[in-house]
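Asks: Quick one: structure below, then a few questions.
The values are calculated or read from the model by the stated rules, or taken from the named source; none is laboratory data. Keep in mind that this is a model prediction, so the values were computed, not measured. In this analysis, Cβ positions are derived from the backbone assuming ideal geometry, glycine residues included, and neighbour counts consider all displayed protein chains. Accessible surface areas use protein heavy atoms only, side chains included; no ligands, DNA or RNA. Shrake-Rupley method; radii C 1.70, N 1.55, O 1.52, S 1.80 Å.
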Amino acid sequence: MVTEVRGFTDPQKKEYFVARFRDKMQARNIISHIKTSQSLHIMCHIPVFCWITATVLEDVLKTREGGQLPKTLTEMYIHFLVVQAKVKKVKYDGGAETDPHWSPDSRKMIESLGKLAFDQLQKGNLIFYESDLTECGIDIRAASVYSGVFTQIFKEERGLYQDKVFCFIHLSVQEFLAALHVYLTFINSGFNLLEEQQTSFQKSETRESLGTPFYQSAVNKALQSPNGHLDLFLRFLLGLSLQTNQTLLLGLLTRTGSSSQTNQETVQYIKAKLNENLSVEKSINLLHCLNELHDRSLVEEIQQSLSSGRLSTDKLSPAQWSALVFILLSSEKDLDVFELKKYSASEEALLRLLPVVKASNKALLDGCNLSSRSCKALSSLLNFQCSTLTELDLSNNDLDDSGVKLFSAGLENPHCRLEILSLSGCLITEEGCTSLASALNSNPFHLRELDLSYNHPGVSGMKLLSCPEVKEQRWRLYALRYGENV
């Protein structure tokens, strides 16, 4: 069985915050603030994160004195943890809101939950049993207390046969607490939990001198993950290295670590990694990591070139290409209609910008010197269920029949949502029409307009695309253009 969890669209994000706050001006201010941070705006796709954000910003707006609102994920989750510690102090310990909110008891709870979060994240577990808790030194009674006190972080439920099971309210909370545990362990003892062989500090060494290798090993570990399960964990861990974030956790942290030099060395290390041959997903995550470290230089450099109209993609490094993708994916305007010629009429540019094409509603790729290589990449793109592409213009490219055959494999996929497809002037003959007809015959998808003008289908090709067998499959194509065909 497969369940598709769509999450909030941009209008639904606004709707949530407007409904959440009675003060409409406050709701508008919060929505505006979220839009200033791409990380926060993207994460608000997750309904639970919208709730976390609303909880935090409501508290910060109530208690701050001219301070800045959280702009990064790490800042948001630190504030969320502090809010929950305040609730525990007032509701369960009988204290006042002005009292120090970290007590030895609450520190012990968070430390235990952090160990549980990290150990189970390493194993890929989201639901935990009594044996899992015991391994982390948490007995079942303590776990019930934790779930009763930190109700917005950790919860207890009934599993099969009435056995107790436990989980965090969301995977992102587990990832944050896991990162906090790894950071606390390193700061307090010098152990790097991400390394298999543990070594303690040598007398000649300091935490500052070991900080750079520690964060670099975390970057490497996340990049080696085949399923990206450490991506968000890495963002949080790097965010915790900032002294401004450590200040927010005073009372939970007994000491601070990481110097500005360590942070800068980590930034340079990440930028070097971005110039390697990484997947798009890993490159995007590293750019989010730079954002957690308050370094937006790479993104701002490309943004300025875009704004001034002086962007030349001929000399872009892999890191700069990643920054361009990062920027375009955050632009609602560019995602409505994406035009490849604005950046470069080349196959290399298309392959670099495929994530933007996938997220666009309409993609104009006409006259961009594309070949069958592009068709193979676009075919894979059509297989993604999350692709929003409904209109694609591939006209005036030398795709020929081999390219059309590769592209038709994507058209056969039930996830394909294309409604309008232009293949005008693509050197298509009867063989290409055979591939198209086969795709249309095997999958009654959404396509309703197909432009095949200025090709060479011949009479046989035209008959294939208008045969009764295709019509019997309830093919919804209502506009088939041939134009000046031979």
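Asks: Looking for whichever is out of contact with any helix residue (DSSP H, G or I) (no Cβ under 7 Å at 6 or more places or on another chain) and open to solvent by less than 40 Å² (accessible area, probe 1.4 Å) here; the options are Ser346, Ser379. Which one fits? Reasoning before the result, please.
Replies: Values: Ser379 fails: out of contact with any helix residue (DSSP H, G or I) (no Cβ under 7 Å at 6 or more places or on another chain).
After applying the criteria, what remains is Ser346.
Asks: Give just the number: which of (1) open to solvent by 60 Å² or more (accessible area, probe 1.4 Å); (2) of a type outside the set (S, T, N, Q); (3) touching a strand residue (DSSP E or B) at 6+ places or on another chain (Cβ under 7 Å) does Glu97 not satisfy?
Replies: Only one criterion in (1) open to solvent by 60 Å² or more (accessible area, probe 1.4 Å); (2) of a type outside the set (S, T, N, Q); (3) touching a strand residue (DSSP E or B) at 6+ places or on another chain (Cβ under 7 Å) is unmet by Glu97, namely (3).
Asks: Further question on the same structure: Residue by residue through the stretch 82-117, note down the ones that are without any contact (Cβ under 8 Å) to a residue 40 or more places away in the chain and not in a helix (DSSP H, G or I).
Replies: Asp93, Gly94, Gly95, Ala96, Glu97, Thr98, Asp99, Ser103 - these are the residues of the stretch 82-117 that are without any contact (Cβ under 8 Å) to a residue 40 or more places away in the chain and not in a helix (DSSP H, G or I).
Asks: Would the stretch 139-157 turn up any residue that is modelled with pLDDT under 85, assigned to a strand (DSSP E or B), open to solvent by 10 Å² or more (accessible area, probe 1.4 Å) and among the basic types (Lys, Arg)?
Replies: Yes, some residue in the stretch 139-157 is modelled with pLDDT under 85, assigned to a strand (DSSP E or B), open to solvent by 10 Å² or more (accessible area, probe 1.4 Å) and among the basic types (Lys, Arg).
Asks: Could you say whether any residue in the stretch 242-259 is surrounded by fewer than 17 Cβ atoms within 10 Å (Cβ to Cβ) and either closer than 15 Å to Leu73 by Cβ or modelled with pLDDT of 95 or more (or both)?
Replies: Checked the stretch 242-259: at least one residue is surrounded by fewer than 17 Cβ atoms within 10 Å (Cβ to Cβ) and either closer than 15 Å to Leu73 by Cβ or modelled with pLDDT of 95 or more (or both).
Asks: Tell me whether the stretch 179-187 contains one or more residues that are out of contact with any strand residue (DSSP E or B) (no Cβ under 9 Å at 6 or more places or on another chain), open to solvent by less than 70 Å² (accessible area, probe 1.4 Å), closer than 20 Å to Val56 by Cβ and at pLDDT below 90.
Replies: Checked against the condition, which is being out of contact with any strand residue (DSSP E or B) (no Cβ under 9 Å at 6 or more places or on another chain), open to solvent by less than 70 Å² (accessible area, probe 1.4 Å), closer than 20 Å to Val56 by Cβ and at pLDDT below 90, the stretch 179-187 yields no hits at all.
Asks: Out of (1) modelled with pLDDT of 90 or more; (2) assigned to a helix (DSSP H, G or I), what's the single condition that is false for Asp314?
Replies: Failing condition for Asp314: (1).
Asks: OK, next. Among Asn227, Asn263, which is the only one that is open to solvent by 10 Å² or more (accessible area, probe 1.4 Å) and either touching a Leu at 6+ places or on another chain (Cβ under 7 Å) or modelled with pLDDT of 90 or more (or both)? Steps first, please.
Replies: Working: Asn227 fails: either touching a Leu at 6+ places or on another chain (Cβ under 7 Å) or modelled with pLDDT of 90 or more (or both).
After applying the criteria, what remains is Asn263.
Asks: Has the stretch 123-130 got any residue that is under 34 Å from the mean Cα position of the chain (by Cα), under 19 Å from Leu171 (Cα atoms), surrounded by 14 or more Cβ atoms within 10 Å (Cβ to Cβ) and free of Cβ contacts under 8 Å to residues at least 24 places away in the same chain?
Replies: Scanning the stretch 123-130, I find at least one residue that is under 34 Å from the mean Cα position of the chain (by Cα), under 19 Å from Leu171 (Cα atoms), surrounded by 14 or more Cβ atoms within 10 Å (Cβ to Cβ) and free of Cβ contacts under 8 Å to residues at least 24 places away in the same chain, so the answer is yes.
Asks: While we're looking at this one, here's another question. Against the definition (open to solvent by less than 50 Å² (accessible area, probe 1.4 Å), modelled with pLDDT of 90 or more and closer than 17 Å to Glu175 by Cβ), how does Phe17 come out, yes or no? Show your work before the answer.
Replies: Working: open to solvent by less than 50 Å² (accessible area, probe 1.4 Å): yes; modelled with pLDDT of 90 or more: yes; closer than 17 Å to Glu175 by Cβ: no.
When the stated conditions are applied, Phe17 does not pass them.
Asks: Sticking with this structure for a sec: Of the residues Ile34, Ile30, Ile78, only one is in contact with an Asp or Glu (Cβ under 9 Å, 6 or more places away or on another chain), part of a helix (DSSP H, G or I) and buried (at least 20 other Cβ atoms within 10 Å of the Cβ); which?
Replies: Details: Ile34 fails: in contact with an Asp or Glu (Cβ under 9 Å, 6 or more places away or on another chain); Ile78 fails: in contact with an Asp or Glu (Cβ under 9 Å, 6 or more places away or on another chain).
Being in contact with an Asp or Glu (Cβ under 9 Å, 6 or more places away or on another chain), part of a helix (DSSP H, G or I) and buried (at least 20 other Cβ atoms within 10 Å of the Cβ) holds for just one of Ile34, Ile30, Ile78, which is Ile30.
Asks: If you scan the stretch 269-281, which residues turn out to be of a type outside the set (Val, Ile, Thr), open to solvent by 20 Å² or more (accessible area, probe 1.4 Å) and part of a helix (DSSP H, G or I)? Working first, answer last.
Replies: Just the residues of the stretch 269-281 that are of a type outside the set (Val, Ile, Thr), to begin with: 269, 271-279, 281.
From the residues that got through so far, the ones that are open to solvent by 20 Å² or more (accessible area, probe 1.4 Å) too are 269, 271-273, 275-279, 281.
Answer for the stretch 269-281, where residues must be of a type outside the set (Val, Ile, Thr), open to solvent by 20 Å² or more (accessible area, probe 1.4 Å) and part of a helix (DSSP H, G or I): Tyr269, Lys271, Ala272, Lys273, Glu281.
Asks: Moving on. Tell me, yes or no, whether the stretch 12-25 has at least one residue that is farther than 24 Å from Cys289 by Cα, not hydrophobic (A, V, I, L, M, F, W, C) and not in a helix (DSSP H, G or I). Outline the logic, then answer.
Replies: Kept after step one, since they are farther than 24 Å from Cys289 by Cα, are these residues of the stretch 12-25: 12, 14-25.
Now restrict to residues that are not hydrophobic (A, V, I, L, M, F, W, C): 12, 14-16, 20, 22-24.
Of the ones still in play, those that are also not in a helix (DSSP H, G or I) are 22-23.
Taking every residue of the stretch 12-25 in turn, at least one turns out to be farther than 24 Å from Cys289 by Cα, not hydrophobic (A, V, I, L, M, F, W, C) and not in a helix (DSSP H, G or I).
Asks: Here's something else I'd like to know. Hey, can you tell me all the residues within the stretch 287-311 that are within 22 Å of Asn263 (Cα to Cα), in contact with a Ser or Thr (Cβ under 8 Å, 6 or more places away or on another chain) and not in a helix (DSSP H, G or I)?
Replies: Leu293, His294
Asks: Right, something else. Taking into account only those residues within the stretch 88-109 that are polar (S, T, N, Q) and touching a helix residue (DSSP H, G or I) at 6+ places or on another chain (Cβ under 8 Å), which is farthest from Gln174 (Cα to Cα)?
Replies: Here is the first cut: in the stretch 88-109, the residues polar (S, T, N, Q) are 98, 103, 106.
Checking the rest, the ones that are also touching a helix residue (DSSP H, G or I) at 6+ places or on another chain (Cβ under 8 Å) come to 103, 106.
Working: Ser103: 22, Ser106: 17 Å.
Filtering first and then ranking leaves Ser103.
Asks: Out of (1) in a helix (DSSP H, G or I); (2) over 14 Å from Ser39 (Cα atoms), the odd one out for Ile284 is which?
Replies: Against the list (1) in a helix (DSSP H, G or I); (2) over 14 Å from Ser39 (Cα atoms), Ile284 comes up short only on (2).
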